[in-house]
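Undergrad: Before anything else, here's the structure in question.
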Amino acid sequence: MPSSDKLAQFLGLPELKVTAFKKERIAANVLQAKKTSVFEVCPKCATPSSVIYDHRIVRLRDAPVRGQSMRLSVKKRRFFCKPCRKPFTEPIQGVIKGHRTTYRYRRAVLWACENFSDLARVRKAMRCSSGFIYQTLYQQIQGKLGEKLNYPWPTTVGIDEHFFTRRRGRAEFATVFTDYPNKRLRELAFGKVKGELLAQLHNIEGRESVRNVIIDMSDGYRSFIKEYFPNARIIADKFHVLRLLTPAINKRRVAITGDKRTREP
Ligand SMILES: [Zn+2]
C-alpha cells in the first residue's frame, strides 16, 4: 500500500488518496486528498454514474501539530445522474455530512479538555468555539466517536522514519508508529528528533505497557524509545535491514558487471 493511502487511512478516511502536502501560511499545513472510485451511486435513485459534472473543495480541520494548524483539502466530485437529470456529490466515508473536522482533531480537543485548566485555553489552543467543545464532549459521552478517540499503545509498536517532502532543499520527516500485531497505523508525528516526538505523544496512554519496539538498524530512535517506552526491548526488523542493504548490493553489482543502472527497491 503506498504511504499516501496509509496516511488517509490513518486519518480515518480510508477511501481517500493524499495527493499533496503543502504549507499555506507560516503556521498552516494542508494535506490535499481525493477519492479515486470509478463510479458513484446516486443517493436518490441508486443508479451508478461515471459522468463527472464538476468538483467541490471541502476543507476539514485536523489536529494541530506543534502549534501549527493542519487542514485537509478534499476535492469532491459531483456526478451527473441521467434518470434524475441532476448532479449529486460523492459521499466520503468518515466525513459526516456537515462535519468539517477529522477524528484526530476531535481527539485533540478532548485531550485539551482533560488537561487544560479552563475552556478559554482550550478554545485558544484548538482555535474552536465553546459550542464545538461541548458538542465533542457530548459525542464522546454518547460513544459516537468510538474507540478511535483514545485507545492505548499496543504491546508491540513499530517505528518507521518517513520521508515526507522537500522544502527549500530541506528534507522533512515524519515518524510513523504502527500497531504491529494488527498491522495498522497508530500515530503519526512530525519530525524525528526526540524532543519533537515526546511533545507530540504525551497524550497517549499505556506507554509503560509497551513490551517490544521494532525499528530498523539505525540508532536514531534508540534514545527516544528508552525514555518514552521505558519497559520495551528494541528489536531490529529484518525487512528494514534488507532495505538498508540494497544500496550495498547495487554497488557490488556495478563493480562486477560495470552496469551502472540502479533500481530502487
Ligand atoms: Zn438519480
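The values are calculated or read from the model by the stated rules, or taken from the named source; none is laboratory data. Everything numeric here is computed off the predicted structure, so don't read it as measured data. All Cβ positions, glycine included, derive from the backbone under ideal geometry; neighbour counts span all protein chains shown.
Undergrad: Could you run through segment 78-91 and say how many residues are part of a strand (DSSP E or B), charged (D, E, K, R) and within 12 Å of the ligand (Cβ to nearest atom)?
TA: Count: 1.
Undergrad: So in segment 41-77, with the set limited to residues that are more than 16 Å from the ligand (Cβ to nearest atom) and part of a loop (DSSP other than H, G, I, E, B), which one is farthest from the chain's Cα centre (by Cα)?
TA: G67
Undergrad: Looking only at segment 16-55, which residues are basic (K, R) and surrounded by 13 or more Cβ atoms within 10 Å (Cβ to Cβ)?
TA: Residues satisfying the conditions are K17, K22, K23, K34, K35.
Undergrad: Which residue out of R78, R59, R71, R85 is at pLDDT 85 or above, in contact with a Phe, Trp or Tyr (Cβ under 6 Å, 6 or more places away or on another chain), not assigned by TED's automatic domain parsing to the domain that holds A199 and not hydroxyl-bearing (S, T, Y)?
TA: R78
Undergrad: Within segment 17-30, is even one residue under 14 Å from K86 (Cα atoms) and of a type in the set (A, V, I, L, M, F, W, C)?
TA: No, segment 17-30 contains no residue that is under 14 Å from K86 (Cα atoms) and of a type in the set (A, V, I, L, M, F, W, C).
Undergrad: So which of K124, K82 ends up being within 21 Å of A199 (Cβ to Cβ) and basic (K, R)?
TA: One residue alone meets the criteria, K124.
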